[in-house]
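A.B. asks: Just dropping this structure here.
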Amino acid sequence: MTTSEPSSGPVGNKVPRTERGRQTLRKLLDAAAIEFGEKGFHEASIIGITGRAKTALGTFYTYFDSKDEIFRALVTDLSDRVRSTVGAALTGRADGGALETEREALAAFLRFAGEHKEIYRIIDEAEFVDPASYRSHYESTARRIFERLQAGGRSGELRTDLQEAHAWAIMGMNVFLGLRYSIWSEELPADQVAEVARSILQDGITRPSF
């Protein structure tokens, strides 16, 4: 995985306060993503995580109390990284309108999923290992989509009667496009897949009447 600043992690007095501590936490989270992604939650181990991170076992307990705790932190971390990746893709761009925003947001997610394929297994397992973080991941994602749809309504580009369910429908489409074209196969570029989704939002799938 490509490293970055940990967007979340331990709580309380286990939060790292030095740059070295933040780097160590990042190494543990990155190693956990690989361990959980390859083995699944039940087969993964703390020894496996520390071995991948090249850290001492005691170092792990400086930041986390258990395998469950680092898994919860990892789900939140991955969710936050998706948010920041999409946010960065949308920041500072020329405003192409609401549909272009959704296209660019999906393309950014598809690229992230392609680089971090373990995200699907980890998020899926969270449904059973930590239902609260699983639900939070999807609720927060749908909320951001809905906020963008509302902004499009205010600008006059989109309908003003769009509901939260529209955001969930778009998210569902995006999730399965990622599964098909970022995880199972990358036969289509992210931008091309995102353009298909944009065309559905713009034109639907009904045959035009002339």
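The values are calculated or read from the model by the stated rules, or taken from the named source; none is laboratory data. Here the structure is a predicted model, which is why all the values come from computation and not from measurement. For neighbour counting, all protein chains shown are included, and Cβ atoms are generated from backbone atoms with ideal geometry for every residue, glycine included. To get the accessible areas, we keep the full protein, side chains included, count just its heavy atoms, and leave off ligands, DNA and RNA. Shrake-Rupley method; radii C 1.70, N 1.55, O 1.52, S 1.80 Å.
A.B. asks: Would you mind counting up the charge near Gln202? Only other residues with Cβ under 12 Å from its Cβ, with Lys and Arg at +1 and Asp and Glu at -1.
C.D. replies: -3
A.B. asks: Now, a different point. Can you tell me the accessible area per residue over the chain, all protein chains present, probe 1.4 angstrom, in square angstrom?
C.D. replies: 55 Å²
A.B. asks: Given the DSSP H assignment, sum -39500 (n - 2.57) over each helix run of at least 4 residues in the chain and divide by its residue total; what's the result at 222 nm in deg cm²/dmol, nearest 500?
C.D. replies: Mean residue ellipticity, 222 nm, calculated: -23500 deg cm²/dmol.
A.B. asks: Now a separate question. Can you report the principal axis dimensions of the range 123-200 using only the alpha carbons, biggest first, rounded to whole angstrom?
C.D. replies: Cα spread of the range 123-200 along its principal axes, largest to smallest: 40, 34, 13 Å.
A.B. asks: Shifting gears a bit: Where in the range 130-162 does the label zone of Thr206 land, with the point 7 angstrom along Cα→C-beta and an amide N cut-off under 16 Å?
C.D. replies: Flagged as within label range: 159.
A.B. asks: Now for a different question. Shape call for the chain from the C-alpha gyration tensor, a ≥ b ≥ c root eigenvalues: rounded (a/c under 1.5), prolate (a/b greater than b/c) or oblate?
C.D. replies: prolate
A.B. asks: At a 1.4 Å probe radius, carbon and sulfur cover how many percent of the accessible area of the range 19-75?
C.D. replies: Answer for the range 19-75 is 50 percent, counting heavy atoms of protein chains only.
A.B. asks: Quick one: if you stick a label point 7 Å off each Cα along the C-beta vector at Ser136 and Met173, how many nm between them?
C.D. replies: Distance between label points: 2.9 nm.
A.B. asks: Per-residue HN-Hα couplings for the range 132-141, Karplus 6.51 cos²θ - 1.76 cosθ + 1.60 at θ = phi - 60°, whole Hz, x for Gly and Pro?
C.D. replies: 5, 6, 4, 5, 4, 4, 6, 5, 5, 5
A.B. asks: Got a number for the accessible area of Ser155? Probe 1.4 Å, square angstrom, nearest 10.
C.D. replies: Roll a 1.4 Å probe over it and Ser155 shows about 80 Å².
A.B. asks: Rounded to the nearest 10 Å², what accessible area does Phe146 have for a 1.4 Å probe in the complete protein model?
C.D. replies: The value for Phe146 is about 40 Å².
A.B. asks: I've got another one for you. Quote the accessible area belonging to Asp65 in square angstrom, nearest 10, computed with a 1.4 Å probe and with ligands, DNA and RNA left uncounted.
C.D. replies: 100 Å²
A.B. asks: In a shell of Cβ-Cβ distance under 10 Å around Phe36, excluding Phe36 itself, what net charge do Lys and Arg (+1) and Asp and Glu (-1) give?
C.D. replies: Result for the local shell: -2.
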